[in-house]
Amino acid sequence: MPAFDYDLFVIGGGSGGVRSARLAAAMGKKVAIAEEFRYGGTCVIRGCVPKKLYVYASQFHEHFEDAAGFGWTVGETTFDWSTLVSAKEQEITRLEGLYRKGLDTAGAEILNTRAVLVGPNTIRLTATDKLVTAERILIATGGHPSPHKDLPGRELCITSNEAFDLPNLPKSIVIAGGGYIAVEFANIFHGLGVETTLIYRGKEILSRFDHDLRQGLHKAMVDKGIRIVCEDIIEKVIEAAGGRRRIRTLKGEELLVDQVMLALGRVPNTTDLGLEVAGVKTDARGAIVVDAYSRTNVPGIFAIGDVTDRVQLTPVAIHEAMCFIDTEFRGLPISPDHDLIPTAVFSQPEIGTVGMSEEAAAKEFPEIEVYRAEFRPMKATLSGRQERTIMKIIVNAADRKVLGVHILGHDAGEMVQLLGISLKAGCTKDDFDRTMAVHPTAAEELVTMYQPSYRLRDGKRI
C-alpha cells in the first residue's frame, strides 16, 4: 500500500470541516486542515453568528418603545454602528480561537493556506507550493453569495459578506432577494434605523415556506415600515453623487439610496479547486456530486456541507461531518438524515418551521387537517404593538401523524427546535392533544388546538 502524508486532509475550515478534522485527529489519525481565510467558515465569520448578534442589536428600538406600556420611562437613545461592528469582531475572533484550540488540542495540523487538488490523493498548498498526499481528502469549502456579474453596476453593490463591516451605517438601502438572508437583513437594517426597501422577483417572499407565514411576515414587515416590492427586479445600478447608488428596476421604478445589497442565492466554492484535474464531478451549479455517504465519484475524495448544495445549513454540515467520521473511521456506515430539518428565519417576528407546509402536504396526502391559530401575543397587550402570532399544525387525516408545524412569532426558533424532536419521533396529533399546556405561554396554543380549522381533500377545502 502507498504511504501517505496524512490519513485525512480537510480543505475548508468551516463548521463541517473543523468538526471532521477534530474528530478524526482525536481518534489518533494523522490529520491536516487547510483554510485560506479565517477558521469558523461562513457561519462564524460572516453568517449565522454575526447575523444573530445584529438581529439582537436591531430589536432594541422596539424594546425601548414597548417598555412604556409596562411603566418604564426610557430616555433619549442613540445607536453607534462602529461599536456594534467592533463588538461583533471581538466575539467572532474569540470563537475562531476556540475552533483553532479544539483542532490543536485534538492534534490536527492547522494550515493557513489555500489547498487545491492535483490528483486523487494529492494536494498542493498554494502558500508554499508544497505537495502533500492523503489517503482521504474531504472537501468542505462551503459557498459564497451569488455574484450576479451580469447585472450592470454589480461592482457598486454589497453582499452579506460586506454587510457586517460597512464603514458607516447607510441611511437607506435596497435589498434584492426574497429568501431568508434578504428578509433577515431587511429587518436588521430597518431595526437599526435604515430606510429599507426589499425587491423580489416572486409573488411573495420566502418561496418555500408555508403561505400563511409568508403572508403574515410580509404584513408585519410592511406595518413596521419596510417597503416590499414583489414581482420586480433590479435592472441596473448607477453611481450617483456623494457615493450614493441609483437603481432602475425592470418595471421602470427608480430609487436613490446609500447602499444596494444583493441577496440572490449562494453558489458552491468549487472554482479553481482542481476538481477537473482530480476528475471530481460537479453539477450544473458547480456543486460537488456525492452519494448518500458523501463520497464523490473519485475514490478517497469526499465532500460535505454547502459545497455539495444539498441543504445549506450549518447544523447539516456538522451532521454530515459526524456521519463521514462514523462511516470512514469507525466502521459504522451511516448516511446523513436530511428529513424533517427544523429551520428558523430570524426576521422580526421570527419564523420557526419543521416538516411539510400545507401546500406540500396537500399534494402528497389525499386528506389533511390544518390546525391554525392567530392571536396577539400577551406582551403586545400592554405595549400596544399590533403584530400577530400565527401557529399551524399540518396533520395527515388517515393516521393523525403530524406532518409539519409552522410558527410566526417571538421565540419561534427556540420552539421549533423542540418541535423538531417531536416530529422526528413520529408524534401524532393525539400526542399533542394529551400534552398539558404551560400557561401563560404562546407555545400552549400548540397543544390546545383540538379541532381542525379546516380540512383539505385532494387539495381542496371540505
If residue 190 satisfies all but one of (1) surrounded by 22 or more Cβ atoms within 10 Å (Cβ to Cβ); (2) free of Cβ contacts under 8 Å to residues at least 24 places away in the same chain, what's the number of the condition it fails?
(2)
Going by the structure shown, is residue 85 surrounded by 13 or more Cβ atoms within 10 Å (Cβ to Cβ) and in contact with a Cys (Cβ under 7 Å, 6 or more places away or on another chain)?
no
Taking interchain pairs and intrachain pairs at least six residues apart, which have beta carbon atoms under 9 angstrom, with the first residue in region 45-56 and without any contact (Cβ under 8 Å) to a residue 40 or more places away in the chain and the second open to solvent by 10 Å² or more (accessible area, probe 1.4 Å) and in a helix (DSSP H, G or I)?
53/84; 53/87; 53/91
Please verify whether region 437-444 includes one or more residues that are touching a Ser or Thr at 6+ places or on another chain (Cβ under 7 Å) and free of Cβ contacts under 8 Å to residues at least 12 places away in the same chain.
yes
Has region 154-169 got any residue that is within 22 Å of residue 23 (Cβ to Cβ) and either touching a Phe, Trp or Tyr at 6+ places or on another chain (Cβ under 9 Å) or open to solvent by 40 Å² or more (accessible area, probe 1.4 Å) (or both)?
no
What pairs can you find where one residue is in region 71-100 and within 20 Å of residue 163 (Cα to Cα), the other is β-branched (Val, Ile, Thr) and open to solvent by less than 70 Å² (accessible area, probe 1.4 Å), and their Cβ atoms are less than 8 Å apart, with a gap of 6+ or different chains?
91/49; 92/44; 92/45; 92/49; 95/44; 95/49; 96/44; 96/45
Could you figure out which of (1) more than 30 Å from residue 418 (Cα to Cα); (2) under 25 Å from the mean Cα position of the chain (by Cα); (3) of a type outside the set (Ser, Thr, Tyr); (4) open to solvent by 40 Å² or more (accessible area, probe 1.4 Å) isn't true of residue 250?
(2)
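In the list 447, 405, 416, 438, which residue meets the criterion of being of a type in the set (A, V, I, L, M) and open to solvent by 40 Å² or more (accessible area, probe 1.4 Å)?
Working: 447 fails: open to solvent by 40 Å² or more (accessible area, probe 1.4 Å); 405 fails: open to solvent by 40 Å² or more (accessible area, probe 1.4 Å); 416 fails: open to solvent by 40 Å² or more (accessible area, probe 1.4 Å).
Residue meeting the stated conditions: 438.
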Pick out, from region 347-461, the strands (runs of 3 or more DSSP E) lying fully within it that include 2 or more residues that are among the hydrophobic types (A, V, I, L, M, F, W, C).
351-355, 367-375, 389-396, 402-408
Within region 340-378, how many residues are open to solvent by less than 10 Å² (accessible area, probe 1.4 Å) and of a type in the set (Phe, Trp, Tyr)?
1
State whether one or more residues within region 22-37 are among the hydrophobic types (A, V, I, L, M, F, W, C), touching a helix residue (DSSP H, G or I) at 6+ places or on another chain (Cβ under 9 Å) and in a loop (DSSP other than H, G, I, E, B).
yes
Quick check: is even one residue across region 170-184 in a strand (DSSP E or B), open to solvent by 10 Å² or more (accessible area, probe 1.4 Å), under 16 Å from residue 233 (Cα atoms) and out of contact with any Lys or Arg (no Cβ under 7 Å at 6 or more places or on another chain)?
no
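Taking the condition over 20 Å from residue 147 (Cβ atoms), out of contact with any helix residue (DSSP H, G or I) (no Cβ under 6 Å at 6 or more places or on another chain), of a type in the set (Lys, Arg) and crowded, with 16+ Cβ neighbours inside 10 Å, does residue 224 pass?
Numbers: over 20 Å from residue 147 (Cβ atoms): yes; out of contact with any helix residue (DSSP H, G or I) (no Cβ under 6 Å at 6 or more places or on another chain): yes; of a type in the set (Lys, Arg): yes; crowded, with 16+ Cβ neighbours inside 10 Å: yes.
Taking the combined requirement at face value, the residue satisfies it.
Any residue at all in region 71-82 that's assigned to a helix (DSSP H, G or I) and touching a helix residue (DSSP H, G or I) at 6+ places or on another chain (Cβ under 7 Å)? If you could, list the steps in order and put the result at the bottom.
Applying the first criterion (assigned to a helix (DSSP H, G or I)) to region 71-82 yields 81-82.
Now narrow it down to the ones that are touching a helix residue (DSSP H, G or I) at 6+ places or on another chain (Cβ under 7 Å): none.
Taking every residue of region 71-82 in turn, none turns out to be assigned to a helix (DSSP H, G or I) and touching a helix residue (DSSP H, G or I) at 6+ places or on another chain (Cβ under 7 Å).
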Can you tell me which residues in region 406-431 are free of Cβ contacts under 8 Å to residues at least 60 places away in the same chain and in contact with a Phe, Trp or Tyr (Cβ under 9 Å, 6 or more places away or on another chain)?
422
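Give the number of residues within region 58-86 that are closer than 20 Å to residue 190 by Cβ and among the small types (Gly, Ala, Ser). So that I can check it myself, show each step before the final result.
If we filter region 58-86 for residues that are closer than 20 Å to residue 190 by Cβ, which is where we start, we get 58-67, 74, 77-85.
Within this subset, residues satisfying the condition of being among the small types (Gly, Ala, Ser) are 58, 67, 82.
Count: 3.
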Report yes if residue 430 is touching a Lys or Arg at 6+ places or on another chain (Cβ under 9 Å), at pLDDT 95 or above, more than 17 Å from residue 372 (Cβ to Cβ) and not small (Gly, Ala, Ser), otherwise no.
yes
Report whether or not residue 335 is open to solvent by less than 20 Å² (accessible area, probe 1.4 Å), among the hydroxyl-bearing types (Ser, Thr, Tyr) and in a loop (DSSP other than H, G, I, E, B).
no
Pair list, Cβ under 6 Å, 6 or more apart: region 292-321 residue open to solvent by 20 Å² or more (accessible area, probe 1.4 Å), other residue of a type in the set (Gly, Ala, Ser) and not in a helix (DSSP H, G or I):
292/335; 293/335; 306/142; 306/143; 309/287
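Among strands (runs of 3 or more DSSP E) lying entirely in region 204-306, which contain 1 or more residues that are under 24 Å from residue 8 (Cβ atoms) and among the hydrophobic types (A, V, I, L, M, F, W, C)?
Working: elements: 227-230, 234-239, 245-249, 254-257, 259-262, 266-268, 301-303.
The strands (runs of 3 or more DSSP E) meeting that bar are 301-303.
The values are calculated or read from the model by the stated rules, or taken from the named source; none is laboratory data. Source: prediction; values computed, not measured. Positions of Cβ are generated from backbone atoms using ideal geometry, with glycine treated the same way; all protein chains shown enter the neighbour counts. What goes into the accessible areas is simple: the full protein's heavy atoms, side chains included, and nothing from ligands, DNA or RNA. Shrake-Rupley method; radii C 1.70, N 1.55, O 1.52, S 1.80 Å.
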